[in-house]
Every structure is written in structure tokens, then in C-alpha cells.
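Asks: Structure provided below as C-alpha cells; questions to follow.
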Amino acid sequence: MTKRLYYDQPYLTAFDSTVTAVRPLAGGCAVTLAESSFYPTSGGQPFDTGTLNGLRVCDVSVDDDGEVWHTIEGTLEPGMPAHGEIDWPRRFDHMQQHAGEHMIAGAVWRLYGGVTIGLHLGADFSTIDVTMPNGETHLTAEQIRAVEDEVNADIQRDVPIRCWFPDDAELSALPLRKPPTVKEHVRIVAIGDKEMVACGGTHPSSAGQIALVKIIDARPSKGKVRLAFVCGMRAVMDYREKYDACTQAAALLSARCAQLPESVSRLKDAIAELEHRLSEAYQAEALGQVQTLREHARLINGVRVIAARLPALAPDGLRRLASELTGDENAVALLAAEKEGGWNLVFSRGAAVVLDMGKLLREAAARCGGKGGGRSDFAQGSAPDLSALDTAIGIIQGEL
Ligand SMILES: [Zn+2]
């Protein structure tokens, strides 16, 4: 079984050992060492990267016998001396996220009785799933703030973090947050005098090194609450990104950052009001064109076909215009009004015209990737371009 140096020396970044076994792999090999500082993927914490004898270590895993396997790009021989070096920024980031997770899980347990099961330490943020005692699947903004305040207060007090292997007698007397999932070689991590739980991961020696903990999301997930969080430099980067975005948005709105929600809300109201007024103006303009549109109608076998492209009329304005035009019992109105990414279509006919508008619109729209349908005398839909109008005229010419 590989001796794991990181248990007692989480700050060890370089070590010397001996290769004990080699397994060939495509493009390299996997090796075990007598002792190793490399953390293998386990307990939600990803593996360390680094080098062995200068060869890149690109994966580290542990087998059922407790052997740590290092996947390297290159080859080593059993019995060879091995010099390992850990990528420290990646490892220290994992230590910060991992210890922050303990503190969040501990606070959620103490404050609300929530039981945390499982950590996923991701490349950008980490998550835990919490089972709440009352079956709740969310935490309020106030509850989340209370967790953050409690955790960050202990970080600022720089409470010590201690890891050790207690004997059975000591273990049975420890006030653990939850029972250990392993029976032998139980390793305990204690953070200050509040959080104590079994864990095989790597942690900094005091909470101050976590620097900052921020919960960035809380949402229901399969009957639990899923909390997403960032610690250390990730929290600093998250603050920087949000600060930059808020500052730029606030400058655009000539507001202070704290006024952004109110300013954006006002802006949305103003846009909605303008859109309403514009739509009314378009409608008045369109209705004022009824006579002109009639004069430009195309006569097809006694039926007056009026095809028109219009600005962004609201759907009820478009329907009203169609209804005005087909007050003439021998008229067909084929109307298209601009909308985002295409056109709204309304096809309508006067009472004496023998054509099915629902079928006509469905066919004409489908040929250019649009859709729609309706009754025999009135139909509506949408299309990505105006070719639907020409298609419709072609079909009418064939049918009349
Ligand atoms: Zn841990």
C-alpha cells in the first residue's frame, strides 16, 4: 500500500521515492511508488498533477488495495528512484475549496440541521447536496447569508485545522458531524472547535488560508438543496468578474452599482411603454393604407389578392387590418409583419372566395421553414423570410 505523504505533510511539493510497479498504457504507463505526495481522485477532490522524474503526471487514482497509481506520459522501470513534484497552485486551490466545503457543511448542520452528502469539486465552482430535516429543498437568502457570515468569521479568526488518525477509543468519543464511511484507518479533520468529521483529503493548516467563502447558488436537486460555492482565489476572481460587469453596466446607465436593479427595471418599463406606442402608431399607419393596398391588389380569376409586408405590427393590429381588407367579399389578404428573426403571417379571405386559408398558410410557410395554420377563412403563423407570400400567390394561381 502506497504511503501517502500528504496525510501528514499537505505542504510537501517535492519528494523522493522508488517505483514499485509499472503497468503499460497507450502513450505512457501507470506506476506505483513506495510513498507519494500525489493526491488521487477521491472524496470529491480531484487528483494532483505534476511530474515524476520530469515526466508529466496526467492522472492519479487509487485502487481497492490502497495503491496510488500515477499515469505518466513516458516510461519508468520498477526499482527506479523517482522524484516527484506537485503542481502547487492546483493543489492549494483544491485544499482551499475542500476546507471551505467542510466549514459550509458544518455551519449548515449547526444552524439548520442540514446533512451534507457528497462534494463535487469542479473546475470553476464546487457543489454539495444537503438533506434538510424538514424535507425543504431550498434555503432563503437570509439563511445562506448566515452560513457565509459564520464561515467567514471563523476564517478571519484563522482557526486551526488539524488532521490525525485517532485510535478506536479516542474515535468513539469524538463529536463527529456524521459517522465515518470507513471502518479502519479513520482520519479526522477538525476545524476550530466547531467542525469535526472523517476525511482523507488535503486541507490547509488554518482557516485563514481559505481567505474567503462565497455561496454562489442554492437550488433544489432531487429532494435536496444543492449549494454551489467558491473559496480562496476563486472567490476573489468571482468578485472581480461581478465588480467589472456591474461597474460597466452602472456606467452605461449613469447609476451606482447598488441602483442597478432599480435602473434596469425602469429601463424595461420604458422600453415596454415605447414598444406599445410604436405598435399603436404602426397600426394606425397600416389601417390608413387600406385604400392604397386595395388599389394595388392583383386580380387572379376575379379574386383581388392583396399581398403586403408591414412593420412590426402587434398580432391584434395585423388581424384588424386583415379583417378590414377582407370586408370586400372577393378579396384575399396575405399579410406579413416584421418580428424578431422573421415575419408574422396572417392570411384571410372574403366570404365569396373559395380557398382554404389554413391549408394555404400551412403549405406556404412550411416551404420556407415556417409554420402555422388555421380556419378556412383565417389563418396565422410565422416564417423566417418573405418567400411565403410569393409561394402563397403561386398556389392561389394554381387553384383558381
Ligand atoms: Zn476534508
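The values are calculated or read from the model by the stated rules, or taken from the named source; none is laboratory data. Keep in mind that this is a model prediction, so the values were computed, not measured. Cβ placement follows ideal geometry from the backbone for every residue including glycine, while neighbour counts extend to all protein chains displayed.
Asks: Name the one entry in 255, 250 that is farther than 25 Å from residue 383 by Cα, of a type in the set (A, V, I, L, M) and not in a helix (DSSP H, G or I).
Replies: Numbers: 250 fails: not in a helix (DSSP H, G or I).
The unique qualifying residue is 255.
Asks: Does residue 272 count as assigned to a helix (DSSP H, G or I) and either touching a Phe, Trp or Tyr at 6+ places or on another chain (Cβ under 6 Å) or under 30 Å from residue 335 (Cβ atoms) (or both)? Show your work before the answer.
Replies: On the way: assigned to a helix (DSSP H, G or I): yes; either touching a Phe, Trp or Tyr at 6+ places or on another chain (Cβ under 6 Å) or under 30 Å from residue 335 (Cβ atoms) (or both): yes.
Taking the combined requirement at face value, the residue satisfies it.
Asks: Another question, then. Run residue 6 past the list (1) more than 16 Å from the ligand (Cβ to nearest atom); (2) under 30 Å from residue 117 (Cα atoms); (3) under 35 Å from the mean Cα position of the chain (by Cα) and report the number of the one that doesn't hold.
Replies: (1)
Asks: Would you mind stating whether residue 32 is within 15 Å of residue 78 (Cα to Cα) and without any contact (Cβ under 8 Å) to a residue 40 or more places away in the chain?
Replies: Numbers: within 15 Å of residue 78 (Cα to Cα): yes; without any contact (Cβ under 8 Å) to a residue 40 or more places away in the chain: yes.
So residue 32 passes the test.
Asks: What pairs can you find where one residue is in region 363-382 and buried (at least 16 other Cβ atoms within 10 Å of the Cβ), the other is aromatic (Phe, Trp, Tyr), and their Cβ atoms are less than 6 Å apart, with a gap of 6+ or different chains?
Replies: Matching pairs, first to second residue: 379/347.
To keep it simple, each residue is scored yes or no on (1) touching a strand residue (DSSP E or B) at 6+ places or on another chain (Cβ under 6 Å); (2) modelled with pLDDT of 95 or more.
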residue	(1), (2)
119	yes, no
135	no, no
151	yes, yes
156	no, yes
189	yes, yes
208	no, yes
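Asks: Taking region 77-106 on its own, how many of its residues are aliphatic (A, V, I, L, M), buried (at least 20 other Cβ atoms within 10 Å of the Cβ) and away from the ligand (no atom under 16 Å from the Cβ)?
Replies: Final tally of qualifying residues: 2.
Asks: Mind listing just one residue for me: the one in region 18-59 that is β-branched (Val, Ile, Thr) and within 10 Å of residue 2 (Cβ to Cβ) and, of those, farthest from the ligand (Cβ to nearest atom)?
Replies: 20
Asks: Would you mind finding the one in 10, 24 that is in a strand (DSSP E or B) and of a type outside the set (A, V, I, L, M)? Steps first, answer last, please.
Replies: Details: 10 fails: in a strand (DSSP E or B).
Result of the check over 10, 24: 24.
Table: residues versus (1) modelled with pLDDT under 95; (2) among the small types (Gly, Ala, Ser); (3) surrounded by fewer than 11 Cβ atoms within 10 Å (Cβ to Cβ).
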residue	(1), (2), (3)
264	no, no, no
273	no, no, yes
289	yes, no, no
294	yes, no, no
302	yes, yes, yes
305	no, no, no
314	yes, yes, no
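Asks: Additional query: Looking at 264, 332, which is the one that is of a type in the set (A, V, I, L, M, F, W, C) and in contact (Cβ under 8 Å) with a residue 24 or more places away in the chain?
Replies: On the way: 264 fails: in contact (Cβ under 8 Å) with a residue 24 or more places away in the chain.
Being of a type in the set (A, V, I, L, M, F, W, C) and in contact (Cβ under 8 Å) with a residue 24 or more places away in the chain holds for just one of 264, 332, which is 332.
Asks: Would region 234-251 turn up any residue that is surrounded by 16 or more Cβ atoms within 10 Å (Cβ to Cβ), at pLDDT 95 or above, touching a Phe, Trp or Tyr at 6+ places or on another chain (Cβ under 8 Å) and basic (Lys, Arg)?
Replies: yes
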